[in-house]
Amino acid sequence: MTAALPEQLNRKLMPFQREGIAAALRMEGRVLIGDEMGLGKTIQTLAIVRMYQQEWPVLVVCPSSLIFTWSKEIQEWLGVDKEQIDPILTARQIPKTGSSFVIMSYDLMGRGDHQVDRHFKIVVADESHYLKSHDSKRSKAVCPMLKNARRAILLSGTPALSRPIELFPQVNALKKEMFSSRHAFGVRYCQATETRFGWDYRGAENLIELNVLLSKIMVRRLKADVLSQLPEKRRQIIYVQ
């Protein structure tokens with residue numbers, strides 16, 4: 001599995017991260033990496049993306065504060081030249097021809113007036129819980145791209161949100177055939193009740209069954225699960241442009 005990975009990345013991976021990468025490959029690159037914060041979701045994602053290098057370029061959608069962090073990580077772990085990474089910072093900015101990675105924010109995606117092509121074969125959505133509202137502008141912009149991509153990798157340290165219905169946009173983007181509709185999901189897992197204002201999906205039920213289904217598309221580990229594999233705590237300075 002790791003033969004195609006750059007040496008610096010291959011050496012860095014811990015056993016549980018290799019397991020996560022292997023699971024994502026078994027899911028054919030359509031996965032929600034829900035590891036707890038600090039367990040290396042980004043490095044696992046970059047390893048997965050590298051395994052599908054023949055399908056580049058890659059679109060990375062993330063909060064605006066992480067755009068340059070992603071650029072740095074791509075350069076460091078994949079050895080991609082800075083000129084091949086295109087951070088999109090304004091709606092009028094047109095991606096450079098031949099870029100290997102295009103990075104842009106959820107806010108810019110939600111505006112709908114950007115110049116980014118919508119036909120990427122690989123789409124990464126960092127902090128994918130930003131897509132919890134099915135009718136938000138960002139969800140309407142990003143979820144169709146995830147559905148149409150051959151590989152869709154979602155990252156979230158908090159995938160289990162307060163209400164199961166908030167998981168639906170992410171689940172549907174990865175496996176649209178898993179649930180026929182948002183309403184069907186709400187009836188089965190959200191104690192759907194009809195009111196005079198419409199359907200209320202704020203409840204929760206059949207959660208054991210939902211967890212079993214999520215295991216088919218999600219990799220989730222807590223620090224307590226892999227504590228013996230983690231290195232000593234270290235501090236790092238991160239510069240923000």
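Values computed for the structure shown
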| read-out | value |
| --- | --- |
| 3 or more residues under 29 Å from SER99 (Cβ atoms) and modelled with pLDDT of 90 or more: qualifying strands (runs of 3 or more DSSP E) within region 121-213 | 122-125, 151-155 |
| Test for LEU9: is it of a type in the set (A, V, I, L, M) and assigned to a helix (DSSP H, G or I) | yes |
| Given (1) among the hydroxyl-bearing types (Ser, Thr, Tyr); (2) assigned to a loop (DSSP other than H, G, I, E, B); (3) touching a residue at least 60 places away in the same chain (Cβ under 8 Å), index of the condition THR45 fails | (2) |
| Which numbered condition MET145 fails, given (1) surrounded by fewer than 19 Cβ atoms within 10 Å (Cβ to Cβ); (2) under 13 Å from the mean Cα position of the chain (by Cα) | (1) |
| Residue satisfying all of: in region 78-100; of a type in the set (A, V, I, L, M) and surrounded by 16 or more Cβ atoms within 10 Å (Cβ to Cβ); farthest from HIS114 (Cα to Cα) among these | LEU78 |
| Flag if PRO6 is modelled with pLDDT under 95 and either within 16 Å of SER128 (Cβ to Cβ) or not aromatic (Phe, Trp, Tyr) (or both) | yes |
| Region 214-230, residues that are basic (Lys, Arg), in contact with an Asp or Glu (Cβ under 9 Å, 6 or more places away or on another chain) and not in a helix (DSSP H, G or I) | ARG220, ARG221 |
| Every residue from region 46-100 that is among the charged types (D, E, K, R) and in contact with a strand residue (DSSP E or B) (Cβ under 6 Å, 6 or more places away or on another chain) | GLU55, ASP86, LYS96 |
| Positions within region 74-102 being in contact (Cβ under 8 Å) with a residue 40 or more places away in the chain and part of a strand (DSSP E or B), in sequence order | PHE101, VAL102 |
| Failed item in (1) within 22 Å of PRO169 (Cα to Cα); (2) touching a residue at least 60 places away in the same chain (Cβ under 8 Å); (3) surrounded by fewer than 19 Cβ atoms within 10 Å (Cβ to Cβ), with SER128 passing the rest | (3) |
| Evaluation of SER71 against (1) out of contact with any Ser or Thr (no Cβ under 9 Å at 6 or more places or on another chain); (2) touching a residue at least 40 places away in the same chain (Cβ under 8 Å); (3) among the small types (Gly, Ala, Ser); (4) within 21 Å of VAL102 (Cα to Cα) (one fails), failing number | (2) |
| ALA22 being surrounded by fewer than 17 Cβ atoms within 10 Å (Cβ to Cβ), in a helix (DSSP H, G or I) and under 18 Å from the mean Cα position of the chain (by Cα) | yes |
| Residue match in region 65-73 (condition: assigned to a loop (DSSP other than H, G, I, E, B) and in contact with a helix residue (DSSP H, G or I) (Cβ under 9 Å, 6 or more places away or on another chain)) | no |
| Residue in region 103-113 that is closer than 30 Å to GLU177 by Cα, part of a helix (DSSP H, G or I) and of a type in the set (Lys, Arg) present | yes |
| Unique match (being closer than 20 Å to MET37 by Cβ, in contact (Cβ under 8 Å) with a residue 24 or more places away in the chain and buried (at least 19 other Cβ atoms within 10 Å of the Cβ)) among VAL171, VAL240, VAL219 | VAL219 |
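The values are calculated or read from the model by the stated rules, or taken from the named source; none is laboratory data. Quantities reported herein were computed from a predicted structural model and do not represent experimental measurements. When we count neighbours, we look across all protein chains shown, and the Cβ atoms used for this are built from the backbone with ideal geometry, even at glycine.
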